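Data first, discussion second: the structure below is written as structure tokens.
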Amino acid sequence: MQVSILTSDNNMFDKFKDNLLRQQDQVEAKIASIDLEESSIDDSIPESSELGTASWQEDVRTSRQAVKGELLRLSKQIKNSISKMNSGTYGKCEKCKKQIELSRLTLLPTATLCIACM
């Protein structure tokens, strides 16, 4: 039977939480950067630009929105993990309710399922 990282090692739990908080800050900074770049791209290219500029702008906008979507998804996962830490349920598999493997949480601190339930 595995022991929860919450009860076995507070230092490790703190490291997980610090790592998640740091990741959240980085994700939020990247989202803000994308928003800033998005607003500046429309202002930087005059209307009389070469053919294909509008298509290029749309490609860039689409790519940025895809990246932003992934960042927002990651932000939601991080916030969910931090919420679980605060409620004492972090590291428990959402399906079988057993402890998620420590090696899995180390590699993917936002994991919600153990390897057996994936």
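The values are calculated or read from the model by the stated rules, or taken from the named source; none is laboratory data. Note that the structure is a prediction, hence the values are computed from the model and not measured. Methodologically, a virtual Cβ is constructed for each residue, glycine included, from the backbone with ideal geometry; neighbour enumeration extends over all protein chains shown.
Total residues in the range 92-113 satisfying the condition of being over 22 Å from Q26 (Cβ atoms) and touching a helix residue (DSSP H, G or I) at 6+ places or on another chain (Cβ under 7 Å): the figure is 5. Count of the range 71-89 residues, restricted to those that are farther than 18 Å from M118 by Cβ, in contact with a Leu (Cβ under 7 Å, 6 or more places away or on another chain) and surrounded by 12 or more Cβ atoms within 10 Å (Cβ to Cβ), is 2. Taking the range 1-103 as the region of interest, the helices (runs of 4 or more DSSP H) fully inside it that hold 3 or more residues being modelled with pLDDT under 95 and of a type in the set (A, V, I, L, M) are 10-44, 53-87. The number of residues in the range 94-113 that are over 16 Å from F16 (Cβ atoms) and surrounded by 13 or more Cβ atoms within 10 Å (Cβ to Cβ) comes to 3. Given the structure, is K68 over 21 Å from N10 (Cα atoms), in contact with an Asp or Glu (Cβ under 9 Å, 6 or more places away or on another chain) and not hydrophobic (A, V, I, L, M, F, W, C)? Spelling it out, K68 is indeed over 21 Å from N10 (Cα atoms), in contact with an Asp or Glu (Cβ under 9 Å, 6 or more places away or on another chain) and not hydrophobic (A, V, I, L, M, F, W, C).
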